[in-house]
Amino acid sequence: MAVNSSMVPIGTPAPAFDLTAIDGGSLSLDDLKDSPATLVVFLSNHCPYVRHIEAGLGALAEDYGARLSIVAICSNDSVHYPDDDPTHLAEQAARAGFTFPYLLDDTQEVAKAYKAACTPDFFLYDADLRLAYRGEFDRARPGNDVPVTGASLRAAIDALLQGRPVPEEQRPSLGCGIKWKPGNEPG
């Protein structure tokens, strides 16, 4: 079932995290604090909405390089959705050309703190780690003929990096709902 992102208020500070990466390392929000822009994206491997744009996200990361810190987080219940376990996420990262850290939110507390609702769910922060953009990657969806370009997210990143206001019109992301562990659903 398709779910829209929750559209957290612009200016909200990025919630802290310290998570294990799929490669066994770890990363915290503090590790990203010196970046001019930081993108936190909630992903999964099994979701057709993520699969539809994943190569485009890999290309976006390559295009922006060191000007943009990116971190992906998988908060899905990998017991009931084994395609979202670390091995399968590593396969996804290789397939999509992800060059950024992919983290595991096993407790799902980080997803709750960010008010993440779906995969993909994008949160772009400025140099002060204040929310500047939350919304769609672009207008492409599985089953439509819109090319995957990342146009919506790229416009926000470009504005942020150039010191211009991020476009006010921001459309929610659309994707698979986060797969909460039984009894762990947000209230």
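Structure notes:
- Between Val8 and Thr149, the simple label model (points 7 Å from Cα in the Cβ direction) yields a spacing of 2.8 nm.
- Using heavy atoms of the protein chains and a probe of 1.4 Å, the accessible area assigned to His52 is about 70 Å².
- Carbon plus sulfur fraction of accessible area for segment 2-177, probe 1.4 Å, in percent: 51 percent
- Once you reduce segment 101-133 and segment 27-48 to the center of their Cα atoms, the two points are 7 Å from each other.
- Sequence-separation-based contact order of the chain, relative, with Cα cut under 8 Å and 6+ spacing, percent: 32 percent
- Accessible solvent surface per residue of the chain, calculated while the other protein chains remain in place, 1.4 angstrom probe, Å²: 46 Å²
- For the chain, the tally of Lys pairs with Cα-Cα distances below 17 Å comes to 4, considering only residues 8 or more apart or on different chains.
- Residues of segment 143-187 with amide N under 13 Å of the 7 Å Cα→Cβ point at Asp77: 178-186
- Correct choice for mean projected area of the Cα convex hull in nm² that was computed from the model, options [x] 9.8; [y] 14.1; [z] 12.9: [x]
- Each peptide among 168-176, 37-45 gets the average number of other Cβ atoms lying within 10 Å of its residues, and from highest to lowest they stand as 37-45, 168-176.
- Computed E for Asp85/Ala113 - FRET, C-beta separation, R0 25 angstrom, nearest 0.05: 0.65
- DSSP beta bridge pairing in the chain, given as percent antiparallel to the nearest 5: 70 percent
The values are calculated or read from the model by the stated rules, or taken from the named source; none is laboratory data. For clarity, every value in this text was computed on a predicted model and none was experimentally measured. Cβ sites come from the backbone with ideal geometry, for glycine too, and all protein chains shown count toward neighbours. What goes into the accessible areas is simple: the full protein's heavy atoms, side chains included, and nothing from ligands, DNA or RNA. Shrake-Rupley method; radii C 1.70, N 1.55, O 1.52, S 1.80 Å.
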